[in-house]
Amino acid sequence: MSAFWTEPDFDDHELVQLVHDRASGLTAIFAIHSTHLGPGGGGTRFWHYADPAGALRDALRLSKGMSYKNAMAGLPAGGAKAVILADAGRRKTPEMLAAFGDAIEALGGRYVTAEDVGMGEADMAALARRTDHVSGLPVPEGQAGGDPGPFTAKGIFLGIKAAVAYKLGREAMDGVHVAIQGTGSVGGGVARLLAGEGARLTLADIDAPRAAALAAELGGEVVPADAIMDTPCDVFSPNALGAILDDSGIARLNTPIVAGGANNQLARAGHGAMLAARGILYAPDYVINAGGIIDVTLEYVARRKGETCSVEDVYRKIDEIPGRLRTIWQESETGGGSPDAVADRMARALIGRG
Ligand code: NAD
């Protein structure tokens, strides 16, 4: 058996910890990549892994991604992630959540959790009964916090507009054709904002009725999930799965722009260069999809000071996303490498690992 710190995904993580609570059956992994800019912020994933090594890989990879995302969003937060290893039936009990809350508390604030796949607002509220180091809690309307999805969607919408202006020289979205993969919380929100400005939509979801219902509401077209990446369009917006931009995925694209919210869209680092070689402008995922983490981090920071933060403050910070993307694209064009490489370099400098 090899040591985890020899894994390719290990990147000088500050802490990697396994937590097991016999009584509740909780097994979880904490990975804190960096606290250079503040407490390690990042969601908890509740997932069944056929191979537990996959859970460790996820924790290592996702926590590093959070360091980059939080740094590039200008947040006072480092990067971390937790993974709870669910059983095949993905049973989640109050006892398990209580034990997990205690484990977060034991880290003394070095890790601040939020929602991720398999964890919702109600789970955050349950954790908050055991620890203060939780974000994304239900909040009154008008205050930062709660469901990060709509804030993520807003940042992506602004990023798509910036990409369309940068690459196509079009300032208005009227008639711009956007193909959206995944019509859930994020993809659905992006579609609504785009429709509000007259964009033409093609939608796809493996949950076909979900895409059809959204198309009926907004007036878009629907294609089967396996056809969306071939759709000729002005913007391809991935808002479902990661690792879709691999050799064959990139070869299928029929678009000048890829800009969407899915995490870890590039299957490997080299795929960013492959997109650039095809003349496709790429919006680095962790830069364009930071709206949600901006929301919950500002909520947490305000609550720790006994204050509240308004959604207007969250939107002001989300408004910085397009400018950040433009800086990346300009540096890329002037010899800095592909946009993902430029973003990674900027992020590493910000966390003191330049
Ligand atoms: P969600 O579960 O609400 O929606 C995802 C949708 O994608 C679902 O409708 C699902 O049926 C669909 N889908 C899954 N596989 C598909 C496929 N192969 N083709 C087409 N559709 C498919 O999730 P979400 O919160 O909207 O998140 C979407 C993506 O954005 C994820 O990669 C997530 O990690 C990322 N993200 C989300 C947030 C957030 O605030 N929710 C923040 C940052 C990044």
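The values are calculated or read from the model by the stated rules, or taken from the named source; none is laboratory data. Every value quoted in this text rests on a predicted model; they were computed, and no experiment measured them. With ideal geometry, Cβ positions are generated from the backbone for all residues, glycine too; neighbour counts draw on all protein chains shown. Remember, those area values only see protein heavy atoms, side chains included, never the ligands or the DNA or RNA. Shrake-Rupley method; radii C 1.70, N 1.55, O 1.52, S 1.80 Å.
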Treating cross-link reach as a plain straight distance, find the lysines whose alpha-carbon is under 28 Å from the alpha-carbon of Lys81, omitting any fewer than eight places away in the same chain. Lys64, Lys69, Lys92, Lys154, Lys305, Lys317
Check: the chain dipole with +1 on Lys, Arg Cβ and -1 on Asp, Glu Cβ, in debye: 440
With a 1.4 Å probe and every protein chain left in place, work out the accessible area per residue of the chain in Å², rounded to a whole number. 41
When the scattering of segment 134-208 is computed by the Debye formula from its Cα atoms alone, each counted once and equally, what is log10 I(q)/I(0) at q = 0.20, 0.22, 0.24 Å⁻¹? -0.87, -0.96, -1.06
For the charge dipole of the chain, defined by +1 on Lys and Arg C-beta atoms and -1 on Asp and Glu C-beta atoms about the Cα centroid, which residue among Val164, Gln143, Leu298 has the Cα displaced farthest towards the positive pole? Leu298
For every helix of n ≥ 4 consecutive DSSP H residues, a contribution of -39,500 (n - 2.57) applies; sum these over the chain, divide by its total residues, and give [θ] at 222 nm rounded to the nearest 500 deg cm²/dmol. -12000 deg cm²/dmol
Net charge within 9 Å of Asp285 by Cβ-Cβ distance, Lys/Arg positive one each and Asp/Glu negative one each, not counting Asp285 itself? 0
So what are the ³J(HN,Hα) numbers for segment 223-237, from phi and the Karplus equation (6.51, -1.76, 1.60; θ = phi - 60°), rounded to whole Hz, Gly and Pro as x? 10, x, 4, 7, 10, 5, 6, 8, 5, x, 7, 7, 9, 9, 10
Ranked output for segments 190-197, 48-55, 116-123, 27-34 by mean other Cβ atoms within 10 Å, highest leading, reads 27-34, 190-197, 116-123, 48-55
Everything considered on the Cα gyration tensor (a ≥ b ≥ c; rounded for a/c under 1.5, else prolate if a/b is larger than b/c, else oblate), segment 202-354 must be described as oblate
Carbon plus sulfur, as percent of the 1.4 Å-probe accessible area of segment 46-152, comes to 53
Karplus 3J(HN,Hα) series, Hz, for segment 339-349 with 6.51 cos²θ - 1.76 cosθ + 1.60 (x for Gly, Pro): x, 5, 5, 4, 4, 4, 5, 4, 5, 5, 5
Amide H neighbours of Ala267 at under 5 Å, excluding residues fewer than 5 places away on the same chain, with H built from the backbone geometry, are Leu245, Asp246
Find the percent of Cα-Cα distances in segment 191-257 that exceed 14 Å, and round it to a whole number. 59
Over segment 66-155, volume per residue of the alpha carbon convex hull, in Å³: 119
So how compact is segment 180-220: Cα radius of gyration and Dmax in angstrom? 8.8, 26
Ratio of alpha-carbon Rg to the 2.2 N^0.38 Å globular estimate for segment 263-315, to two decimals, please. 1.67
Can you give the Rg to Rh ratio for segment 143-264, taking only C-alpha atoms and Rh from Kirkwood? 0.94
Residue by residue through segment 81-95, which ³J(HN,Hα) values in whole Hz follow from phi under the Karplus form 6.51 cos²θ - 1.76 cosθ + 1.60 (θ = phi - 60°), with glycine and proline marked x? 7, 10, 10, 9, 7, 7, 7, 4, x, 6, 7, 10, 10, x, 5
Can you give me the angle between helix 208-218 and the longest principal axis of the chain, using Cα atoms only, in degrees from 0 to 90, rounded to the nearest 10? 60
Semi-axes of segment 103-151 from the Cα gyration tensor (sqrt of 5 times each eigenvalue, largest first, whole Å) come to 19, 11, 10
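Over segment 1-68, what is the relative contact order in percent, taking alpha-carbon pairs closer than 8 angstrom and at least six residues apart?
In percent, rounded to a whole number, it is 33.
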List every residue whose amide H lies under 5 Å from the amide H of Trp47, counting only residues 5 or more places away in sequence or on a different chain, with H placed 1.01 Å from N in the peptide plane. Ile84, Ala86
Which distance in Å, rounded to a whole number, links the C-alpha centroids of segment 267-323 and segment 11-70? 20
Given the C-alpha centroids of segment 111-126 and segment 337-354, what is the distance between them in whole angstrom? 29
In segment 192-304, with Lys and Arg counted as +1 and Asp and Glu as -1 at Cβ, which of these residues, Thr255, Leu266, Leu201, has the Cα nearest the positive end of the dipole, that is, farthest along it? Leu266
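Å³ per residue of the Cα convex hull, for segment 1-89?
Normalising the Cα hull of segment 1-89 by residue number yields 97 Å³.
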So for the chain, considering every pair of alpha-carbon atoms, how many percent are separated by more than 39 Å? 12
Mind checking the dipole of segment 1-158: about its Cα centre, +1 per Lys or Arg Cβ, -1 per Asp or Glu Cβ, Debye to the nearest 20? 120
